[in-house]
Amino acid sequence: MNNTNSRKRLLDNKWLNEKEQKQQIPPKLQTIPKKFNPEQWSSKNYSLFRKIKDLGLGSYGEVFLSENIKTRERVALKRVRMTGESEGFPLTAIREIKLLQMLDHQNVVKLKEVVTNDSKKTEGKGSVFMVFEYVEHDLAGLIDLPNVRKFTLPQIKCYIKQLLEGLHFCHSKNVLHRDIKGANLLVSKKGVLKIADFGLARIARDKGLTDRVVTLWYRSPELLLGSSSYDSSVDMWSVGCVLAELLLRKPLLPGKKEYEQLELIWSLCGTPDQNNWDGAKKLRYFQKFKPKKSYPRVVREKFQHFGKEVVDLLDNLLSLDPTKRMTAHQTLDHEFFWTDPMPACPSSLPNYPDTHELDSKKRREALHQVNNTNNNNNNKYRKKPRKNNEQPYFLHRKCGRRPNGKSHHFIKTQQFNLNQKNNNNINLHHQKNQNQNYRHINHQIFNNNTNTKINQLHSHNFKHNQNPNLNKNIQFNHNNHNHNQKQYFHNKNQFKKDIHF
């Protein structure tokens, strides 16, 4: 396929049209009053829906699968978390509803309507629910599926391409998502990826933004260092983390605290300096979280076996300097999407059972519980090591009952068994000494007899030629010598048997 023609067709799409980017930016949502009546969006009541199961937790509310009683259509209901009646309707929910009404794109989850619960009912009375289209999977659940070994490169390209198309549409509307992660990227059975959970989304502005956004594992270094003036580059860092997670089948930077997350970033992307990120020293938390030592940048080395296009894309998305990261528009034009193997068609992707992040958490918790049970059973029958010269516990008690309910008779019985064992050890040691003495005596007898016979041979050697009977005597002495030698080895073998016994 000709790369030039392919890119031209891509640029002709409506979500990449420059005229779309110059549309009027919606007004700031902070001006919406808190005393807001959600019923102006509501055309139905919550009683029309039947809850099936929980799906997960959003940024500001719980999500569960429901079914419309009349139409049998399955939807995802997100209950808006009410912080208090005095504060009115949550501003974050107002912002999310307004943004979702504005973002009508195939790769952004669709908000169908808003429903309220009957205040006369006790369960969830006065609650407000956002009704979304139901999508069967999310990327976090697919990554943790035990029967999925790995994703193919065309499949990964298909997912990331759809993510970038949806993000580019949001960024063209001047909307920052600020919570891109696998759990917020839904995948339908037809292979279509949809960006969900706009609870942290905001209209971009030059300054005054909070840095307490984005899940920790996908948070960019400028946010961790306290930047309040950022742009769409924070979403692009998260895209790089998601791409690496799809390739590795595990999180790229799983830190537990902010300082640990920064150390993981430094160890992968290198220590910030004048060459790779000159503006880092100006951020308010840099002196607090500055690197403890100098790290080299190893992004290319870590992913070199995935191909040069993958390495080049990740090296750009995981740039420490946010001004050097590519935008979603630029990333869609990267060689990664225009070289073989090409991105797969969404309809050709494999079908998976319905799974979400909550299902993955339940599987991990069940596995963790099974492992703990096995460890407890093993420790139950494991003998605790006894310290040097430490006696058993029952020898320290003179009378009464042990804490585990054993009687004084049990203690005496155990003490008797211990004494019996000690007596057996003493007898065995005595028997060993006897065998050693027996061996020493036999060895002396053998040496004495041998020396005696040899001396006799030497003393009568001069008579060898004169006395014909001397040959018989010498032969007799040699026979006695061999007999004594056999007797010695017999005693030696008998000693070994005694020792083993």
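The values are calculated or read from the model by the stated rules, or taken from the named source; none is laboratory data. Fair warning: this is a prediction, and the values are worked out from it, not measured in the lab. Note: ideal-geometry Cβ built from the backbone for every residue, glycine included; neighbour counts use all protein chains shown.
Can we say residue 273 is surrounded by fewer than 16 Cβ atoms within 10 Å (Cβ to Cβ) and over 19 Å from the mean Cα position of the chain (by Cα)?
yes
Does residue 306 count as assigned by TED's automatic domain parsing to the domain that holds residue 261 and surrounded by fewer than 19 Cβ atoms within 10 Å (Cβ to Cβ)? Spell out the reasoning first.
Numbers: assigned by TED's automatic domain parsing to the domain that holds residue 261: yes; surrounded by fewer than 19 Cβ atoms within 10 Å (Cβ to Cβ): yes.
Yes, satisfied.
Based on this model, can you work out whether residue 262 counts as in a strand (DSSP E or B) and not hydroxyl-bearing (Ser, Thr, Tyr)?
Details: in a strand (DSSP E or B): no; not hydroxyl-bearing (Ser, Thr, Tyr): yes.
Here the answer is no, as residue 262 does not meet what is asked.
Quick one: how many residues across region 48-78 are modelled with pLDDT under 85 and of a type in the set (S, T, N, Q)?
Looking only at region 48-78, we keep the residues that are modelled with pLDDT under 85, and these are 55-62.
Cutting the leftovers down to of a type in the set (S, T, N, Q) gives us 59.
Selection size over region 48-78: 1.
Checking residue 81 against (1) of a type in the set (Lys, Arg); (2) modelled with pLDDT under 80; (3) crowded, with 20+ Cβ neighbours inside 10 Å, only one condition comes out false. Which one?
(3) is the only condition that residue 81 fails.
So which of 165, 222 is part of a helix (DSSP H, G or I) and farther than 26 Å from residue 261 by Cα?
Details: 222 fails: farther than 26 Å from residue 261 by Cα.
Of the residues listed, the single one that is part of a helix (DSSP H, G or I) and farther than 26 Å from residue 261 by Cα is 165.
If the Cβ limit is 9 Å and pairs must be 6+ apart or interchain, which residue in region 270-298 that is of a type in the set (Asp, Glu) pairs with which residue that is part of a loop (DSSP other than H, G, I, E, B)?
Once the first residue is of a type in the set (Asp, Glu) and sits in region 270-298, its partners that are part of a loop (DSSP other than H, G, I, E, B) give 273/294; 278/272; 278/321.
Somewhere in region 141-149, is a residue surrounded by fewer than 23 Cβ atoms within 10 Å (Cβ to Cβ), among the hydrophobic types (A, V, I, L, M, F, W, C) and modelled with pLDDT of 95 or more?
Looking for residues that are surrounded by fewer than 23 Cβ atoms within 10 Å (Cβ to Cβ), among the hydrophobic types (A, V, I, L, M, F, W, C) and modelled with pLDDT of 95 or more, one finds none in region 141-149, hence no.
Working carefully through the options 205, 178, find the one that is part of a loop (DSSP other than H, G, I, E, B) and either modelled with pLDDT under 95 or acidic (Asp, Glu) (or both).
205
Residues are listed down the side, and each one gets a yes or a no for (1) among the basic types (Lys, Arg); (2) surrounded by fewer than 16 Cβ atoms within 10 Å (Cβ to Cβ); (3) at pLDDT below 95; (4) under 28 Å from the mean Cα position of the chain (by Cα):
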position	(1), (2), (3), (4)
265	no, no, no, yes
288	yes, yes, yes, yes
318	no, no, no, yes
325	yes, no, no, yes
332	no, no, no, no
339	no, yes, no, no
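Give the residue that is farthest from residue 138 (Cα to Cα), with candidates limited to residues of region 212-229 that are surrounded by 21 or more Cβ atoms within 10 Å (Cβ to Cβ) and not aliphatic (A, V, I, L, M).
227
Mind listing whichever residues of region 299-330 are touching a residue at least 24 places away in the same chain (Cβ under 8 Å) and hydrophobic (A, V, I, L, M, F, W, C)?
299, 303, 306, 310, 313, 314, 317, 318, 320, 326, 328
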